[in-house]
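Participant: I'd like to ask some things about the structure below.
The values are calculated or read from the model by the stated rules, or taken from the named source; none is laboratory data. Given the structure is predicted, the values throughout are model-derived calculations rather than measurements. Note: ideal-geometry Cβ built from the backbone for every residue, glycine included; neighbour counts use all protein chains shown. Side chains are part of the model used for accessible areas, which takes the heavy atoms of the whole protein and leaves out ligands, DNA and RNA. Shrake-Rupley method; radii C 1.70, N 1.55, O 1.52, S 1.80 Å.
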Amino acid sequence: MAETDSRPTNFIRQIIDKDINDGLHTTIQTRFPPEPNGYLHIGHAKSICLNFGIAQDYHGQCNLRFDDTNPEKEDIDYVNSIQQDVNWLGFSWSGEVRYSSNYFDQLYAFAVELINKGLAYVDFSTQEQMRELRGTLKEPGKNSQYRDTSATENLALFEKMRNGEFKEGECLLRAKIDMSSPFMCMRDPALYRVRFAHHHQTGDKWCIYPMYDFTHCISDAIEGITHSLCTLEFQDNRRLYDWVLSNITIDSTPHQYEFSRLNLEYTVLSKRKLIQLVEDEQVSGWDDPRMPTVAGLRRRGYTSASIREFCKRIGVTKMDNMVEMSVLEACLREELNADAPRAMAVLEPLKLVIENYKGSEVESLKAANHPSNELMGAREVPFGREIFIEAEDFKEEANKKFKRLVLGKEVRLRNAYVIKAERVEKDQQGNITTVYCSYDKDTLGKDPADGRKVKGVIHWVSASHGVPAEIRLYDRLFKVPNPAAEQDFLGSINEQSLVVKQGIVEASLVDAPLSTPMQFERTGYFCKDQDSVANNLVFNRAVGLRDTWAKMNQS
RNA sequence: UGGGGUAUAGCCAAGUGGUAAGGCAACGGGUUUUGAUCCCGUCAUUCGUUGGUUCGAGUCCAGCUACCCCAGCCA
């Protein structure tokens, strides 16, 4: 797919344009800073496209930095999956992967500088005491009794913290700012806490870990980040970001700008909730094709270009938003309609016998791999006396709106002949087991010579050549547009989000490469799943075709 | 009167004092060996609301309203 040519315009790029114009920067440096505590989801993709996209368009650089200051929640598996997902999305970071933990020594030195300046102190209050002293949204807080400890003493205390002489929770280093600030985050925020935890990067070197607010701004400054982009909930934190940088000795002064996070209808995009889905086994894992994770979308059949296009279409603003799933789906359909090879597959097989077709004869018919792109070539599809058609493509009787096979009427078999349904065979319950037809041998590649109009076309697979396959049909994971707003979001899970069909696919699909989407004509875009084995092919439906017929019938 | 933010169509979103882009969705019609695609057409006399400034306001000013975020030793 040709991604929309025009460069995106948004308020952040306007700020950058102005900064460049004003001579504030000659080169732009951004960063994508995930905490390695889960898999990346499509909300991260928005941030990735923003940060890496700006670096590309402004000929700047974008770092990948793991914000790994909370070892208890983090894991090396996540740092690996995140790198893989960023690459898969089509982006390369500047230089080596960075870690906030790379800067622990420098961070410690800056904390010492704050202590020396009388701007940080070690507090032994309990969590409860601290909460009480913090005040409320409408009432100012009160100073801690430890607030006026001398710098010398604080220095010694902080060193003891570092040396493991205090227990977890016994004390913490706090910035000395203003307990009556209207910004809650400025009421003497925690800078360092004691955690005797093994860190995936630094091992057991540290037993004190810096907090996000202290770490992030300094890491940005160390890396020479010019524009530090994050989501709206950090707007208040910007005051602390600026406070830290203006009170330590460091050359670089990055600036933080906030944009609204992505919300997508019928799914959840908070790591906490996604972790819960995985841990509760509501899904098969982080890469379950119903998950809004990059890994899930990839397995489902989404291409990275379609995700990039989606991020371009939704834009970047400060407005709270809830984007409809149809936008994402349209991006995939648009790309795949142009690129994906076509094939025939029957999801719910119904046997059809062409009685006037010679018993054992097998014909090899030619089928275009794409209706409008001849460069994609054609393939041979075997045709014989017995085929499978889609059960819903046949009715014993129907009105004129039904453009498929009806008893006594004609229909075109895609890439093959016009057939006419003559009679049906049923089992004892009255279910149709076989449809018997006749075919018009003069209709291959042309309309009936006598001018008969055949309005419908249905797909099919040769019974003796088709290969059985498990076909997984996915639907939205939740029954409500905004599950996050529910009291218990797990209560609104859509039990029908996965429907498995035992279908028959054309033999050429046996060798289909993994995760390369193709169109099953008339049904949707599918890709082979990693669960496929030699005698059990598995296909995922990434997205269905637009279906105005289904829409007509539901209304 | 805690503070920080945001209001343009069903959903996103341009618009930066000169008379409301675009996409998705929806709805008509045409082509079609995919009820797909493609093509053509329709879809904001009005920008949360009330006033004000101006020849002229979605853009500037004032008031009001609604919604989101902040009281982790999470990020």
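Participant: Over all distinct Cα pairs, what is the inverse of the mean 1/r for segment A:266-391, reported as the Kirkwood hydrodynamic radius in Å?
Facilitator: Averaging 1/r across every pair of different Cα atoms and inverting gives 18.6 Å.
Participant: Which lysines, on any chain, are close to A:Lys528 with Cα under 17 Å apart, when same-chain ones fewer than 8 places away are left out?
Facilitator: By straight Cα distance, A:Lys528 reaches A:Lys501.
Participant: Per the Cauchy relation, a quarter of the hull surface: what is the mean projected area of the convex hull of the alpha carbons in segment A:407-492, in nm²?
Facilitator: 10.5
Participant: Using alpha carbons only, how many degrees (0 to 90, rounded to 10) separate the axis of helix A:76-88 from the longest principal axis of chain A?
Facilitator: Long axis of A:76-88 versus the principal axis of chain A: about 60 degrees.
Participant: Distance between the C-alpha centers of segment A:495-535 and segment A:300-322? Whole Å please.
Facilitator: 26
Participant: Right, something else. How high is the FRET efficiency between A:Asp236 and A:Lys167 when r is their beta carbon distance and R₀ equals 45 Å, given to the nearest 0.05?
Facilitator: Once the sixth-power term is evaluated, E becomes 0.90.
Participant: I've got another one for you. For chain A, count all C-alpha to C-alpha pairs, find those more than 29 Å apart, and express that count as a whole percent of the total.
Facilitator: Across chain A, Cα pairs with separations above 29 Å total 63 percent.
Participant: Sticking with this one: Give the percent of DSSP beta bridges with both residues in chain A that are antiparallel, rounded to the nearest 5.
Facilitator: 65
Participant: From the phi of every residue in segment A:490-497, what ³J(HN,Hα) in whole Hz does the Karplus formula 6.51 cos²θ - 1.76 cosθ + 1.60 yield, where θ is phi - 60° and glycine or proline is x?
Facilitator: 3J(HN,Hα) across segment A:490-497, in whole Hz: 5, x, 9, 5, 7, 5, 9, 5.
Participant: Per residue of segment A:61-73, in order, report the coupling 6.51 cos²θ - 1.76 cosθ + 1.60 (Karplus, θ = phi - 60°) as ³J(HN,Hα) in whole Hz, putting x for Gly and Pro.
Facilitator: Whole-Hz 3J(HN,Hα) from phi for segment A:61-73: 9, 10, 8, 9, 10, 7, 8, 9, 9, 10, x, 5, 9.
Participant: Can you tell me the Rg and the Dmax, both Å, for the Cα atoms in segment A:74-167?
Facilitator: Rg, Dmax (Cα atoms, Å): 19.5, 53.
Participant: Moving on to the next point. I need the calculated FRET efficiency for the pair A:Val480 and A:Thr152, taking r as the beta carbon distance and R₀ as 45 Å, to the nearest 0.05.
Facilitator: Efficiency, from the Cβ-Cβ distance: 0.15.
Participant: Can you work out the FRET efficiency for the pair A:Asp531 and A:Thr26, with r the C-beta to C-beta distance and R0 = 41 Å, to the nearest 0.05?
Facilitator: Once the sixth-power term is evaluated, E becomes 0.20.
Participant: Follow-up. Using only Cα atoms and rounding to the nearest 10 degrees, what angle (0 to 90) does helix A:11-21 make with the longest principal axis of chain A?
Facilitator: In chain A, helix A:11-21 runs at an angle near 60 degrees to the longest axis.
Participant: Also: Need the full-extension length gain, A:Asn10 to A:Lys73, defined as separation in residues times 0.36 nm minus the C-alpha distance. One decimal, nm.
Facilitator: Difference between extended and current length: 19.3 nm.
Participant: May I pose another question? Let me see the pair-distance distribution of segment A:21-139: every alpha carbon pair, 10 Å bin width, integer percents in order.
Facilitator: 12, 28, 26, 23, 10, 0
Participant: If you don't mind, there's one more thing I want to ask. Treating the angle as unsigned and between 0 and 90°, give the value, to the nearest 10°, between the Cα long axis of helix A:42-57 and the longest Cα principal axis of chain A.
Facilitator: The helix A:42-57 is inclined about 80 degrees to chain A.
Participant: Let me ask another. With a 1.4 Å probe and every protein chain left in place, work out the accessible area per residue of segment A:40-152 in Å², rounded to a whole number.
Facilitator: Here the residues of segment A:40-152 average 46 Å² of exposed surface.
Participant: Return the whole-Å distance between the Cα centroid of segment A:350-428 and the Cα centroid of segment A:224-274.
Facilitator: About 58 Å separates the Cα centre of segment A:350-428 from the one of segment A:224-274.
Participant: Can I ask one more? When the accessible area of chain A is split by element with a 1.4 Å probe, what percent falls to carbon and sulfur?
Facilitator: 47
Participant: Within 10 Å of each candidate Cβ there may be at most 11 other Cβ atoms; applying that plus a DSSP loop requirement, which trypsin sites (Lys or Arg not before Pro) in segment A:159-199 survive?
Facilitator: Hits after loop and neighbour filter: A:Lys167.
Participant: Please list 3J(HN,Hα) in residue order for segment A:230-237, calculated via the Karplus relation 6.51 cos²θ - 1.76 cosθ + 1.60 where θ = phi - 60°; whole Hz, with x for glycine and proline.
Facilitator: Couplings: 9, 8, 3, 5, 9, 4, 5, 4 Hz.
Participant: Starting from the Kirkwood Rh over alpha-carbon pairs, what translational D in µm² s⁻¹ does segment A:89-238 have by Stokes-Einstein at 10 °C and 1.306 mPa s?
Facilitator: Stokes-Einstein gives a translational diffusion coefficient of 95 µm²/s.
Participant: Another question about this same structure. Would you grab the residues whose amide H sits under 5 Å from the one on A:Tyr99? Only those 5+ places off in sequence or on another chain, please, with H modelled 1.01 Å from N.
Facilitator: Answer set, sorted by chain and number: A:Phe66.
Participant: Under the rule that a partner needs its Cβ under 4.7 Å from the first Cβ, which Cys of chain A have none?
Facilitator: Among the cysteines of chain A, those whose Cβ sits 4.7 Å or more from every other are A:Cys62, A:Cys171, A:Cys185, A:Cys207, A:Cys217, A:Cys230, A:Cys331, A:Cys437, A:Cys527.
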